[in-house]
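Step one of this worksheet: look at the structure below.
The values are calculated or read from the model by the stated rules, or taken from the named source; none is laboratory data. For clarity, every value in this text was computed on a predicted model and none was experimentally measured. Methodologically, a virtual Cβ is constructed for each residue, glycine included, from the backbone with ideal geometry; neighbour enumeration extends over all protein chains shown.
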Number of protein chains: 2
Amino acid sequence: MNVAIVGLGLIGGSLAKTFSAHGHRVYGMDKNPQTMEQALQDGAVADVLDDVRMAHCDLVLICLYPQKTVDYILEKQQVFAGDTVVLDVCGVKEFVCREIEPVAAERGFTFVGAHPMAGRELSGYRASMDNLFHHASMILTPSANTDSNIINKLVNLFYSLEFRKVVVATPQRHDEIIAITSQLAHIVSNCYVKSPTAQDFGGFSAGSFKDLTRVAKLNEEMWTDLFSKNRPNLLRELDIFLENLQRYRDALAQEDDTELCALLRQGREIKEALRP
Amino acid sequence: MNVAIVGLGLIGGSLAKTFSAHGHRVYGMDKNPQTMEQALQDGAVADVLDDVRMAHCDLVLICLYPQKTVDYILEKQQVFAGDTVVLDVCGVKEFVCREIEPVAAERGFTFVGAHPMAGRELSGYRASMDNLFHHASMILTPSANTDSNIINKLVNLFYSLEFRKVVVATPQRHDEIIAITSQLAHIVSNCYVKSPTAQDFGGFSAGSFKDLTRVAKLNEEMWTDLFSKNRPNLLRELDIFLENLQRYRDALAQEDDTELCALLRQGREIKEALRP
């Protein structure tokens, strides 16, 4: 299969390496010439992507931040052939699908939102790996009009690339879930480290602190773009969290240990009931 | 060395197994007769602890919840010999040291607060292990009057039991740090799972959610006791966290992406500057 990959960062670079390692022909492009050169040298991409080559690719993967993803597809809409399947891989899906699906319908190419759920605390091509997606989930968010044969082919393709699970969901459902499973966790983690007391706990081990703040080291520009494109869902989750946390705060401040214990019991029971 | 251990839960049971494995003679006691029997059968304790034996122990370790720790030591204050060193191992130190040190001074025994920083998401004797403290830190909080020879002996003793690090701190410093490195993390984690959206994210992987909520499954009675005995420190940290989190919330609600990005950058920079 001929695959075009636009943007060779952590995700795009890892996808390039994964597709190449599985025998596909990958054309790649990155705005950074050094990244481009390194990807060619590594064999992650077979050749540099241009518009002529893109028109002949079976699959085009846009691996850019959300806003840039939309800008790029709009700019190139006339380049994609009628039988090309265009996927984006950014972490919000409703915004991207809403902007792109009408254009795809008009131009006759197929667009499917996708979100490979894997990451590292490092970013950029240098952090990319040909096994980043081993045992990862891939979420696909086709529209109601997407040809089911194309969806089936994509599902099989990603399983063949050794993803552990491929899930089909609506863009709306994806964005609702991602707000709590990932986005709010990044905000809480990033916020938690700001306590002055956290700046020096030399000698004290801090397992729960480390777990809680693992994802505090984030790429703020990418995440601001992701958060702003999922504002209502994320704001709702943030408000639920703040409201719940205020209950613990009030119980503690009012020395109401019965209430504090009840709040903790409720959280423990909910956690125990979650599927692992 | 003859060692008395009162309370054979996760920590007491693991200490009993650790001391026994290192050739010390351990007398143990637990309110649960089945636990007592099992600990004898395992060889975690050599014999049942009683007041006569306690009077002949070099070291007495109280492994109970904070309030019960204080109650027990007050009840047994006449049993401890003048050369006995009594340690407690609960997770708050100022409360325990404040209540016990005057009594120890009056009765002539030595009391030192201690906090072995290791745990599991399981509790009770059944979860105890003879290697729970391998590579763990031990915090000791002696008073200004504690004989430095005794402190040195304790430091060497815990290193001989294969603790990775033994740190001496004031009870106040211990409690300030523990509020952010452990206590608030447990509250945040326990609170985070309460979002209705978090109850079913079937098929979506959720690495950051899992890390953030690892310690949500807690023993609510023990933690309520710990939190209530460290109320001012924990409340201060909780208020700092709520205030900081409100900033992210406001930036998001007001669509101020410049501010949101600045908040995330600040968190990222703080996290990067933390010693690992």
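List of remarks:
- Residue in segment A:90-111 that is farthest from residue A:227 (Cα to Cα), counting only those that are touching a Pro at 6+ places or on another chain (Cβ under 8 Å) and surrounded by fewer than 22 Cβ atoms within 10 Å (Cβ to Cβ): A:98
- Residue match in segment A:173-195 (condition: over 23 Å from residue B:175 (Cα atoms), among the aromatic types (Phe, Trp, Tyr) and within 28 Å of the chain's Cα centre (by Cα)): no
- Count of segment B:47-71 residues which are over 30 Å from residue B:227 (Cβ atoms) and not charged (D, E, K, R): 6
- Within segment B:142-166, restricting attention to residues that are among the aliphatic types (A, V, I, L, M) and either within 15 Å of residue B:22 (Cα to Cα) or out of contact with any helix residue (DSSP H, G or I) (no Cβ under 9 Å at 6 or more places or on another chain) (or both), the residue that is surrounded by the fewest Cβ atoms within 10 Å (Cβ to Cβ) is B:144.
- All conditions but one from (1) over 19 Å from residue B:168 (Cα atoms); (2) in contact (Cβ under 8 Å) with a residue 40 or more places away in the chain apply to residue B:71; the one that does not is (2).
- Filter result for the condition that a residue is closer than 30 Å to residue B:212 by Cβ, of a type in the set (Asp, Glu) and outside any helix (DSSP H, G or I), over B:121, B:176: B:121
- In segment B:232-255, residue farthest from the other protein chains (Cβ to nearest Cβ) [restricted to those that are farther than 26 Å from residue A:222 by Cα and touching a helix residue (DSSP H, G or I) at 6+ places or on another chain (Cβ under 6 Å)]: B:233
- Condition broken by residue A:133, with the remaining ones in (1) assigned by TED's automatic domain parsing to the domain that holds residue A:39; (2) modelled with pLDDT of 95 or more; (3) crowded, with 21+ Cβ neighbours inside 10 Å satisfied: (2)
- Annotation note: Cβ proximity below 6 Å between a residue of segment A:186-199 that is facing chain B (nearest Cβ under 7 Å) and under 11 Å from residue B:270 (Cα atoms) and a residue that is basic (Lys, Arg) and part of a helix (DSSP H, G or I) (sequence gap 6+ or interchain) occurs for A:193/B:271.
- Verdict on residue B:139 being facing chain A (nearest Cβ under 7 Å) and either buried (at least 20 other Cβ atoms within 10 Å of the Cβ) or at pLDDT 95 or above (or both): yes
- Scanning segment A:138-154 for residues that are assigned to a helix (DSSP H, G or I) and farther than 28 Å from residue A:119 by Cα yields A:148, A:149.
- Sole exception among (1) at pLDDT below 95; (2) under 29 Å from residue A:231 (Cα atoms) for residue A:74, by number: (1)
For every residue, the table says whether it meets (1) more than 14 Å from chain A (Cβ to nearest Cβ); (2) touching a strand residue (DSSP E or B) at 6+ places or on another chain (Cβ under 6 Å).
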position: B:100; (1), (2): yes, yes
position: B:104; (1), (2): yes, yes
position: B:108; (1), (2): yes, no
position: B:111; (1), (2): yes, yes
position: B:116; (1), (2): no, yes
position: B:119; (1), (2): no, no
position: B:127; (1), (2): yes, no
position: B:130; (1), (2): yes, no
position: B:134; (1), (2): no, no
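- Considering only residues in segment B:112-130 that are at pLDDT 90 or above and not hydrophobic (A, V, I, L, M, F, W, C), the one that is surrounded by the fewest Cβ atoms within 10 Å (Cβ to Cβ) turns out to be B:126.
- The residues of segment B:210-224 that are closer than 13 Å to residue B:190 by Cβ, free of Cβ contacts under 8 Å to residues at least 60 places away in the same chain and among the charged types (D, E, K, R) amount to a single one, B:220.
- Subset of segment A:155-179 that is touching a strand residue (DSSP E or B) at 6+ places or on another chain (Cβ under 6 Å) and in contact (Cβ under 8 Å) with a residue 60 or more places away in the chain - its residue that is nearest to the other protein chains (Cβ to nearest Cβ): A:174
- Qualifying residue in segment B:183-198 (condition: in contact with a Ser or Thr (Cβ under 6 Å, 6 or more places away or on another chain), crowded, with 23+ Cβ neighbours inside 10 Å and within 23 Å of residue B:89 (Cα to Cα)): yes
- Checking residue A:126 against (1) closer than 20 Å to residue A:230 by Cβ; (2) touching a Ser or Thr at 6+ places or on another chain (Cβ under 9 Å); (3) not hydrophobic (A, V, I, L, M, F, W, C), the condition it does not meet: (1)
- Here residue B:203 clears all of (1) facing another protein chain (nearest Cβ under 7 Å); (2) at pLDDT 95 or above; (3) closer than 22 Å to residue A:226 by Cβ; (4) surrounded by fewer than 20 Cβ atoms within 10 Å (Cβ to Cβ) except the condition numbered (2).
- Residue B:182 vs. criteria more than 24 Å from residue B:16 (Cβ to Cβ), among the polar types (S, T, N, Q), in contact (Cβ under 8 Å) with a residue 12 or more places away in the chain and touching a Gly at 6+ places or on another chain (Cβ under 9 Å): no
- The residue of segment B:256-265 that is nearest to the chain's Cα centre (by Cα), among those that are surrounded by fewer than 23 Cβ atoms within 10 Å (Cβ to Cβ) and more than 7 Å from chain A (Cβ to nearest Cβ), is B:262.
- Residue selected from segment A:89-103 under the condition over 20 Å from residue A:220 (Cα atoms) and touching a residue at least 24 places away in the same chain (Cβ under 8 Å), by the criterion farthest from the chain's Cα centre (by Cα): A:103
- Test: residue in segment A:225-235 that is without any contact (Cβ under 8 Å) to a residue 24 or more places away in the chain, more than 19 Å from the chain's Cα centre (by Cα) and surrounded by fewer than 20 Cβ atoms within 10 Å (Cβ to Cβ): no
- Flag for residue A:214 being under 23 Å from residue B:268 (Cβ atoms) and more than 10 Å from chain B (Cβ to nearest Cβ): no
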